[in-house]
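J.: Structure in structure tokens, see below.
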Amino acid sequence: MISERSKLILRKLCEVFVLPKQTLPKKNPFKILIATIISQNTSSRNARNAFEKLSNRFKITPKTLANASESKIEECLKVAGLYRKKAKIIKAVSRIVLEEHSGNLQQILSLPLEEARKTLQELPGVGSKTADVVLLFASGRSTIPVDTHVNRVSKRLGLVQHEANYEGVRTSLQKLFEDSLAVHLLLISLGRKYCKARNPLCRQCPVNMLCPSNKS
Ligand code: SF4
């Protein structure tokens, strides 16, 4: 039974990986939105550096960023790649939040989940994953962002269909697990440490006995 197996997988991952303290829902959805836009198509380290540079130069508020010079935003984002595009998006999203959402995301975040996801995705640069990250990390909503690790690992573990798209992976995982935050973080940890894209370390993997793709 997949639900029994998924419980055992989760239990084992909870024993092996310590969930970082910063996983508790954070309070500033706008900062999370900007950090997530910066993190698109780059490594976590580069994204962190770029966000830190941007935060050192500007207050991360819709008003400040909407009025900031695009070239100065670009300078801060260079380390994260696609910096011209991201700077444009950040200015545009800041202006829309400022002018159309009273300068904050709270109203959107308090909508019913699917409505909130849809409304967030109407903002420039916000796709499904970014919307889910904001909803999960800024307001603790029950949705599982599917990044490259979550997608790969959940398929290898046989938790979701191999051909599933973003929505298929997200909804299948949400049917299996209650704690969206823990599942998101634990699958990422497993993907980074053991279930690597090219050479998965099946022999050392803590859930190899529960995995149909185990090659050890
Ligand atoms: S056993 Fe191998 S394929 Fe399965 S989750 Fe572990 S590392 Fe990935």
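J.: Tell me, which helices (runs of 4 or more DSSP H) lie completely within the range 3-87 with 2 or more residues that are closer than 22 Å to Leu136 by Cβ? Let's see the steps before the verdict.
T.: Working: elements: 29-39, 44-57, 62-67, 70-77.
So the answer is 29-39, 44-57.
J.: Right, another one. Would a scan of the range 127-138 turn up a residue that is outside any helix (DSSP H, G or I), assigned by TED's automatic domain parsing to the domain that holds Arg57 and modelled with pLDDT of 95 or more? If you could, list the steps in order and put the result at the bottom.
T.: Quick first cut of the range 127-138, residues outside any helix (DSSP H, G or I) only: 127.
Right, trim to assigned by TED's automatic domain parsing to the domain that holds Arg57 and you get 127.
Those left that are additionally modelled with pLDDT of 95 or more: 127.
Scanning the range 127-138, I find at least one residue that is outside any helix (DSSP H, G or I), assigned by TED's automatic domain parsing to the domain that holds Arg57 and modelled with pLDDT of 95 or more, so the answer is yes.
J.: Give, as residue ranges, the helices (runs of 4 or more DSSP H) completely inside the range 141-216 that count at least 2 residues that are away from the ligand (no atom under 16 Å from the Cβ) and without any contact (Cβ under 8 Å) to a residue 12 or more places away in the chain. Reasoning before the result, please.
T.: On the way: elements: 148-156, 166-176, 180-193.
Qualifying helices (runs of 4 or more DSSP H): 166-176.
J.: Can you give me the number of residues within the range 44-67 that are more than 22 Å from the chain's Cα centre (by Cα) and among the polar types (S, T, N, Q)?
T.: 3
The values are calculated or read from the model by the stated rules, or taken from the named source; none is laboratory data. Because the structure is a prediction, the values reported are computed rather than measured. Cβ atoms come from the backbone with ideal geometry, glycine included; neighbour counts cover every protein chain shown.
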